[in-house]
Amino acid sequence: MGMLERVRPVSWFKAHAAEVLRNVAEDRTPYVITQNGEAKAVVIDIASYEEAQETLALLKLAAIGREDAREGRVRPARDAIAALRERTRAGQ
């Protein structure tokens, strides 16, 4: 079943919530829930949600890294590794 076949009105969703949960858990295809003909929500399985959150976190880290590089907030890897080693020794 494709994504377009899983666009449903909220009234249908209310009557079939258990079926929706079972389907998204089995095949990981999301449902788009509409209200007054407008998409309002997406129902996805928890594994897909967690994967999406991890991806967003990685993308945010990459964006922060790019901004740091653009602003000159960088140092050579050799210096960063030496600082980490020093911290490790000091913490022992």
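The values are calculated or read from the model by the stated rules, or taken from the named source; none is laboratory data. None of the values given here were measured: they were computed from a predicted structure. Reconstructed Cβ throughout: ideal geometry from the backbone, glycine too, with neighbour counts over all protein chains shown.
For a quick check of your reading: which strands (runs of 3 or more DSSP E) sit entirely within the chain and have at least 2 residues that are touching a residue at least 24 places away in the same chain (Cβ under 8 Å) and of a type in the set (A, V, I, L, M)? Give the steps one after another, and end with the answer.
On the way: elements: 7-9, 31-35, 38-43.
In the chain, the matching strands (runs of 3 or more DSSP E) lie at 31-35, 38-43.
Can you name the condition, by its number, that V24 falls short on among (1) more than 28 Å from R8 (Cβ to Cβ); (2) touching an Asp or Glu at 6+ places or on another chain (Cβ under 8 Å); (3) not polar (S, T, N, Q)?
The single condition V24 does not satisfy is (1).
Filter segment 1-25 for residues that are modelled with pLDDT under 95 and surrounded by fewer than 11 Cβ atoms within 10 Å (Cβ to Cβ) and give the result.
Result: M1, G2, L4, E5.
Collect the residues in segment 53-92 that are among the hydrophobic types (A, V, I, L, M, F, W, C) and within 27 Å of the chain's Cα centre (by Cα), keeping them in residue-number order. Spell out how you get there, then give the answer.
Taking segment 53-92 and keeping what is among the hydrophobic types (A, V, I, L, M, F, W, C), we get 56-59, 61-64, 69, 74, 77, 80-84, 90.
Hits for segment 53-92 are L56, A57, L58, L59, L61, A62, A63, I64, A69.
Restricting to segment 36-69, give me the number of residues that are within 30 Å of E5 (Cα to Cα), among the small types (G, A, S) and surrounded by 10 or more Cβ atoms within 10 Å (Cβ to Cβ). Reasoning before the result, please.
First, pick out the residues of segment 36-69 that are within 30 Å of E5 (Cα to Cα): 36-56.
With the extra rule that they be among the small types (G, A, S), the set shrinks to 37, 39, 41, 47-48, 52.
The next check asks that each one be surrounded by 10 or more Cβ atoms within 10 Å (Cβ to Cβ); those that pass are 39, 41, 47-48, 52.
Residues flagged as within 30 Å of E5 (Cα to Cα), among the small types (G, A, S) and surrounded by 10 or more Cβ atoms within 10 Å (Cβ to Cβ) within segment 36-69 amount to 5.
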